[in-house]
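Please read the structure below before turning to the comments.
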Amino acid sequence: MIKNSSEKAMNKLVALCKRRGYIFQSSEIYGGLDSSYDYGPLGVELKKNIKEFWWQSMVQTREDIVGLDSAILMHPKIWEASGHVEGFNDPMIDCKNCKRRFREDDERVKDKCPVCAGELTEVRQFNLMFKTQMGAVAEDASIVYLRPETAQGIYVNFVNVMQSSRQKIPFGIAQIGKAFRNEITPRNFIFRTREFEQMEMQFFVKPGSDGEWFEYWKEQRINWYDDLGIKKENLRFRQHGKDELAHYAAAAFDIEFKYPFGWKELEGVHNRTDFDLKRHTEYSGKDLQYFDDATRERYTPYIIETSAGCDRTLLTCLVDAYDEEELEKDTRTVLRLSPKIAPIKAGIFPLVKKDGMPEIGHKITDDLKKHMPVFYDESGAVGRRYRRQDEAGTPFCITVDSQTLEDDTVTVRERDSMQQDRVASDKLLEFLKDRI
Ligand code: GAP
């Protein structure tokens with residue numbers, strides 16, 4: 001029953017995403033590629049807004065964090081040092097008959113293959129990193145990996161960034177970028193995919209102050225989702241037990257969100273200790289210690305990591321914003337996205353396609369689009385135009401009507417309350433900016 005309602009909720013969201021141009025199945029005309037998705041015109045705007053909001057909060061508005069954009073392909077030794085070659089595994093079981101692969105913890109897997117009832121293999125470790133070859137000759141020396149996390153690009157640049165930006169500990173390095181994992185069971189739309197984007201920040205601190213900074217970042221990060229407009233009651237922390245800690249972590253908390261398929265991880269906040277920098281010192285032979293001028297101390301910094309998935313945040317925004325409102329005659333589907341991140345800020349409609357209304361509508365569109373993304377629409381009944389923008393998550397709709405011709409005011413309808421205000425055309429920008 002729960003499964004059915006959760007599937008139904010997700011199916012509705014997936015259909016809306018396609019209908020309104022948020023997310024499409026990748027390679028759809030070829031039958032699709034499992035767990036790969038493309039962001040359409042509205043999806044790409046929403047994703048960009050989320051990334052900008054994160055960057056603003058984590059880098060732009062702080063003096064103790066700087067940015068980085070490191071390469072996806074890095075020296076293969078990095079992944080030996082990080083422990084990913086040896087330890088980034090999922091235990092899995094194969095079917096000897098149909099060759100399907102299952103995670104060991106898949107509830108469907110008992111004695112036989114849940115798909116064809118074939119015989120199963122023993123549990124084997126399956127490394128989640130994508131391997132590829134660099135250069136034309138296929139030999140071991142040329143094997144490189146697609147990074148499974150952006151964090152390592154930060155660690156190996158720790159000294160470069162610190163020296164060039166003249167930062168002193170405590171300070172952080174932030175990065176947004178693609179990561180790849182050959183997940184055995186990608187599922188739940190864009191929740192778990194094999195190619196995804198991360199928004200990660202590594203904060204370097206003096207050993208001993210790590211506990212305090214860990215608490216600080218937990219607080220900062222959960223508040224960020226609140227600022228993003230996610231409902232508080234859909235967010236919570238979950239502490240990792242000793243047996244589930246990643247190989248690098250001394251302590252870890254997930255920020256979880258209540259998805260239709262249950263409470264699941266949205267972001268991880270980890271105390272990675274000095275594990276990564278010490279391992280890179282060992283494997284590269286380069287000194288990655290910090291020298292404190294004031295106290296004359298030399299030490300390997302501890303790292304507090306905040307690691308968020310960009311695609312997962314986007315899914316979270318959509319799930320949290322999706323609503324079906326029962327009206328007198330029908331049901332209104334509305335995406336109650338925060339105006340801060342909504343892809344289109346206002347729809348502009350002439351009531352009818354005559355009497356100079358389209359010209360006024362175009363003029364308003366041209367004026368506003370210098371400041372924010374807006375969308376002009378004159379097709380169909382105005383009620384249908386409102387509904388299309390409700391589904392797209394557009395917070396305001398501006399209608400040019402017969403009164404506009406008399407007093408140069410327009411109707412501004414707010415998406416969530418459907419309340420309508422009369423606003424003078426020359427005050428529109430101010431009106432919208434105040435509310436966005
Ligand atoms: N650097 C630490 C790290 O990567 P993680 O908990 O494995 O930690 C961090 O991943 C975040 O990246 C997750 O909370 C999630 O938002 C996102 N993420 C991880 N795997 C993902 C996948 N297969 N698809 C989409 N997002 C993923």
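The values are calculated or read from the model by the stated rules, or taken from the named source; none is laboratory data. All values reported here derive from a predicted model rather than from experimental measurement. No Cβ is skipped: glycine too gets one built from the backbone with ideal geometry, and neighbour counts run over all protein chains shown. When the accessible area is computed, the model is the full protein with side chains, heavy atoms only, and any ligands, DNA or RNA have been set aside. Shrake-Rupley method; radii C 1.70, N 1.55, O 1.52, S 1.80 Å.
Points to keep in mind about this one:
- The Cα trace of segment 344-435 gives Rg and Dmax of 11.7, 32 Å, the first to one decimal, the second as a whole number.
- Rounded to two decimals, the Cα-based Rg/Rh of segment 110-182, with Kirkwood Rh, is 1.22.
- Accessible area of residue 237 (1.4 Å probe, protein heavy atoms only, ligands and nucleic acids ignored): about 70 Å².
- Given R0 = 25 Å, the distance between the Cβ atoms of residue 298 and residue 215 translates into a calculated FRET efficiency of 0.40.
- Counting heavy atoms of the protein chains alone, residue 248 has an accessible area of about 30 Å² for a 1.4 Å probe.
- Take the Cβ atoms of residue 136 and residue 178, set R0 to 25 Å, and the FRET efficiency comes out at 0.55.
- Solvent-accessible surface (1.4 angstrom probe) belonging to residue 144, in square angstrom, nearest 10: 10
- Structure note, pairs 47/264; 51/369; 218/286; 168/232; 77/242; 77/264: Cα-Cα distances above 23 angstrom occur for 218/286; 168/232; 77/242; 77/264.
- Its Cα centre serving as origin, the chain has a Cβ charge dipole (Lys and Arg +1, Asp and Glu -1) of approximately 740 debye.
- log₁₀ of I(q)/I(0) at q = 0.11, 0.22 Å⁻¹ - segment 1-140, Debye sum with one point per alpha carbon: -0.82, -1.18
- Within the straight-line cut-off of under 17 Å between alpha carbons, the lysines reachable from residue 354 are 363, sequence neighbours fewer than 8 places apart in one chain being disregarded.
- Largest mean-square fluctuation among 207, 76, 114, in a Gaussian network model of the chain whose springs join Cα atoms under 10 Å apart, belongs to 114.
- Between the alpha-carbon centres of segment 127-198 and segment 56-76 there is a gap of 13 Å.
- Among 123, 156, 59, residue whose mean-square fluctuation peaks in a GNM of the chain (springs only between Cα atoms under 10 Å): 123
- Under 16 Å from the Cα of residue 96 - aspartates and glutamates, other chains or at least 8 residues apart: 104, 111, 119, 122
- Every helix of 4 or more DSSP H residues in the chain counts as -39500 (n - 2.57), and over all residues that averages to -9000 deg cm²/dmol at 222 nm.
- With the convex hull drawn around the C-alpha atoms of the chain, the volume per residue stands at 198 Å³.
- In nm, spacing of pseudo-spin labels at residue 236 and residue 326 (7 Å Cα→C-beta vector): 2.8
- At R0 = 45 Å, FRET efficiency that the Cβ-Cβ distance of residue 433 and residue 379 yields, to 0.05: 0.95
- Multiplying the residue separation of residue 61 and residue 352 by 0.36 nm and removing their Cα-Cα distance gives an extension gain of 100.2 nm.
- Cross-link partners of residue 99 among lysines (Cα-Cα below 18 Å; sequence separation of 8 or more within a chain): 110, 112
- Dividing the C-alpha radius of gyration of segment 188-323 by 2.2 N^0.38 Å, with N its residue count, gives 1.20.
- For the pair residue 420 and residue 104, label points projected 7 Å from Cα toward Cβ lie 6.3 nm apart.
- Among 379-386, 28-35, the order from most to least packed when residues are scored by Cβ within 10 Å on average: 379-386, 28-35
- Segment 132-264 shape via C-alpha gyration tensor axes, a/c threshold 1.5: oblate
- 406, 297, reordered so the largest accessible area comes first (probe 1.4 Å): 406, 297
- In this structure the chain gives 50 Å² per residue of accessible area when probed at 1.4 Å with all protein chains present.
- The chain: most fluctuating residue of 330, 226, 64 per GNM, C-alpha cutoff 10 Å: 330
- Of 227, 111, the residue with the largest accessible area leads and the full order is 111, 227 (1.4 Å probe).
- Free-standing Cys residues across the chain, given no other cysteine C-beta under 4.7 angstrom: 17, 310, 317, 397
- Accessible area in the full protein assembly, largest first, 1.4 Å probe, for 418, 162, 201: 418, 162, 201
- Approximate spin-label separation residue 8-residue 33, in nm, with each point projected 7 Å along Cα-to-Cβ: 3.5
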